[in-house]
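> Following this message is one structure expressed as structure tokens.
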Amino acid sequence: MLKRKLDYLSDMTVRVDYGIANGSHKKGFLNGVDQPTTSNQLLCEVCGDVAYGKHYGVNACNGCKGFFRRSIWSRRQYSCRFGGDCPVVKEHRNVCRACRLKKCYAAGMNPDAVQNERDRNLKNSHMVGQHKLPHRPKIRTSLRDNCAQTDTSLPNILYTGSGYHSSPILGGSNSSSCSSFIHIKQEIPSTPPEQDLPSPPNSDDDLYLRFYALEEHIFNNVEGVGPLLSAEEKVDMPFEFVFHEPTLVCRRYKMFFTGERILTPEDFIDGWRRHFIFFADWAHGLKDFACLDTDDQLILAKRRLVHHGWVSHSYYSMLSGKSGICFANGSYHPHSDSEDYYKHDPVIGQFYSDSVARMMDGLVIPMKNMKLDIYEYCLLKGINFFKEEIGLSLHGQQHVARTRERYVAALYRYIKAHKCKDTQTAIERLQEIMLLLSVVTSLYHLMNDKVEMNRLFNIIDFDSLIADVHKGTWPRTRSNSTANSVSV
């Protein structure tokens, strides 16, 4: 008897070693389970990894099986930041959960099978409770993980159409037991497999409409009938004060970038002041700007005023059809190739020199060639405003970075939905639009140099507000910002 057992074990060991040595796990007998052959392995229909059988209706690896089960059981709601086209491969399958779940549905995974499996588990647990088995101090790991999830489980988040709001779990607080948590999720119907992407609407999908509404409101916000400040009347108040009281700089007269007359030094100063109000009204209308504290608001606004000016003047100059830079008061400085160039003011021509040429070649003409529409322009202005975080608090830096990322994603989704259906073409258009910002930065530095030169040679008699903004003397520290505010 003992000899027969030893012969059997010896034969089994030889069969296992032979299979491994030849690299062909054909009928390799290991713990009584046949191993799959390398030449005929099943592949996961979601990520392409090795699959060990069918799960919820399709060949799936253990990772995708568990991910799909957890998503259905916990009613997870995911959102893709890049239009729902992320590749799902085994090396990067955890990068985008929204696209991974979308591909699970596309592969044919059945959420009802997950619910049925869960119902059986619940039924078995109730039967165990009726037999009054000894109490187990620890709950199952998978259930404990599901109870601990806090990212976007449906019972905890309520989408109202205007955003996401905390929703208390029915029958208890966030520290409610696992049983009550499971009971709530049972009442929610299962997600239908034909649903394209089981994610709530992205709160930034209509961002381009909100930005356009803000732009339209600013253009229509015309107040005051009093006389305008003349160019000789100086605005020698600090930026930190007039940013919150912009009508001290200029009144809100109707803006029209028509280029009806040639720009003079007086028109330049008046147009600069009208843009200051335009910028202040626009910045105060941004909810993401209002989330910053006062010091961060002043630092960011002072830093980005000139950048906003180049973007907005370039776009409205492009719409006017004029070859040159148009101001909100109807005046414009013609480019050297314009038929009106011989009329240009020599002082303005000396001040701008090659700035207008760079604006035309780097901004106006590219905007015209790509047919940049008003919605893309509005989103570009938002991205341009939140482009850097120099001098901000730690919270301000983090908020600006997150906001910029959201705005770029919103611009991509708009392009994909309304301009380019093809993903690669949409990405190329996004890159083309984003390249405009590098030209804006170069014009910002060039203009600062011009204002500094003007201060030395007194080409145009600027007031201290214009000189202060273009010199870039914004507070580098929060204590300096506070000191400036107090001194006002």
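The values are calculated or read from the model by the stated rules, or taken from the named source; none is laboratory data. Computed from a predicted model, the values in this text were never measured in an experiment. Ideal geometry is used to build each Cβ from the backbone, glycine not excepted, and the neighbour counts take in all protein chains shown. SASA here: full protein model, heavy atoms, side chains in, ligands and nucleic acids out. Shrake-Rupley method; radii C 1.70, N 1.55, O 1.52, S 1.80 Å.
> Of a type outside the set (A, V, I, L, M) and in contact with a helix residue (DSSP H, G or I) (Cβ under 9 Å, 6 or more places away or on another chain): does that describe CYS61? Give the steps one after another, and end with the answer.
Details: of a type outside the set (A, V, I, L, M): yes; in contact with a helix residue (DSSP H, G or I) (Cβ under 9 Å, 6 or more places away or on another chain): no.
Judged against the criteria, CYS61 is not a match.
> Another question about this same structure. For region 253-271: of the residues being open to solvent by 30 Å² or more (accessible area, probe 1.4 Å) and out of contact with any strand residue (DSSP E or B) (no Cβ under 9 Å at 6 or more places or on another chain), which is nearest to VAL347 (Cα to Cα)?
Here the answer is GLU266.
> With respect to VAL408, determine if the residue is closer than 30 Å to GLN350 by Cβ and surrounded by fewer than 21 Cβ atoms within 10 Å (Cβ to Cβ). Spell out how you get there, then give the answer.
Details: closer than 30 Å to GLN350 by Cβ: no; surrounded by fewer than 21 Cβ atoms within 10 Å (Cβ to Cβ): yes.
Judged against the criteria, VAL408 is not a match.
> Which condition does ARG70 not pass, out of (1) within 25 Å of LEU411 (Cβ to Cβ); (2) open to solvent by 30 Å² or more (accessible area, probe 1.4 Å), if it passes all the others?
(1)
> Further question: Within the group GLY362, GLY324, GLY330, which residue is surrounded by fewer than 20 Cβ atoms within 10 Å (Cβ to Cβ), of a type outside the set (Phe, Trp, Tyr) and either touching a Gly at 6+ places or on another chain (Cβ under 9 Å) or without any contact (Cβ under 8 Å) to a residue 12 or more places away in the chain (or both)?
Working: GLY362 fails: either touching a Gly at 6+ places or on another chain (Cβ under 9 Å) or without any contact (Cβ under 8 Å) to a residue 12 or more places away in the chain (or both); GLY324 fails: surrounded by fewer than 20 Cβ atoms within 10 Å (Cβ to Cβ).
Selected residue: GLY330, the only one of GLY362, GLY324, GLY330 that is surrounded by fewer than 20 Cβ atoms within 10 Å (Cβ to Cβ), of a type outside the set (Phe, Trp, Tyr) and either touching a Gly at 6+ places or on another chain (Cβ under 9 Å) or without any contact (Cβ under 8 Å) to a residue 12 or more places away in the chain (or both).
> Now for a different question. Looking at this structure, is LYS381 surrounded by fewer than 19 Cβ atoms within 10 Å (Cβ to Cβ), at pLDDT 95 or above, charged (D, E, K, R) and part of a helix (DSSP H, G or I)? Steps first, please.
Working: surrounded by fewer than 19 Cβ atoms within 10 Å (Cβ to Cβ): no; at pLDDT 95 or above: yes; charged (D, E, K, R): yes; part of a helix (DSSP H, G or I): yes.
Considered against the rule, which asks whether it is surrounded by fewer than 19 Cβ atoms within 10 Å (Cβ to Cβ), at pLDDT 95 or above, charged (D, E, K, R) and part of a helix (DSSP H, G or I), LYS381 comes out as no.
> If CYS61 satisfies all but one of (1) open to solvent by 60 Å² or more (accessible area, probe 1.4 Å); (2) at pLDDT 90 or above, what's the number of the condition it fails?
Only one criterion is unmet by CYS61, namely (1).
Table: residues versus (1) in contact with a helix residue (DSSP H, G or I) (Cβ under 8 Å, 6 or more places away or on another chain); (2) over 18 Å from SER312 (Cβ atoms); (3) assigned to a helix (DSSP H, G or I); (4) among the hydroxyl-bearing types (Ser, Thr, Tyr).
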residue: ILE390; (1), (2), (3), (4): yes, yes, no, no
residue: GLY396; (1), (2), (3), (4): yes, yes, yes, no
residue: THR403; (1), (2), (3), (4): yes, yes, yes, yes
residue: CYS420; (1), (2), (3), (4): yes, yes, no, no
residue: GLN424; (1), (2), (3), (4): no, yes, yes, no
residue: GLU432; (1), (2), (3), (4): yes, yes, yes, no
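> Would you tally the residues in region 47-58 being open to solvent by 40 Å² or more (accessible area, probe 1.4 Å) and hydrophobic (A, V, I, L, M, F, W, C)?
The number of residues fulfilling the criteria is 1.
> Sticking with this one: For region 406-440, give me the residue count where each residue is touching a residue at least 24 places away in the same chain (Cβ under 8 Å), closer than 30 Å to ASP267 by Cβ and out of contact with any Phe, Trp or Tyr (no Cβ under 9 Å at 6 or more places or on another chain).
Number satisfying all stated conditions: 2.
> State all residues of region 450-471 that are part of a helix (DSSP H, G or I) and more than 33 Å from the chain's Cα centre (by Cα); if no residue qualifies, say none.
Our first condition is that a residue be part of a helix (DSSP H, G or I); within region 450-471, this holds for 450-457, 464-471.
LYS450, VAL451, GLU452, MET453, ASN454, ARG455, LEU456, PHE457, SER464, LEU465, ALA467 - these are the residues of region 450-471 that are part of a helix (DSSP H, G or I) and more than 33 Å from the chain's Cα centre (by Cα).
> Tell me which residues, restricted to region 73-99, are open to solvent by 20 Å² or more (accessible area, probe 1.4 Å), touching a Phe, Trp or Tyr at 6+ places or on another chain (Cβ under 6 Å) and touching a residue at least 60 places away in the same chain (Cβ under 8 Å).
Once the filter is applied, which keeps residues that are open to solvent by 20 Å² or more (accessible area, probe 1.4 Å), touching a Phe, Trp or Tyr at 6+ places or on another chain (Cβ under 6 Å) and touching a residue at least 60 places away in the same chain (Cβ under 8 Å), region 73-99 yields nothing.
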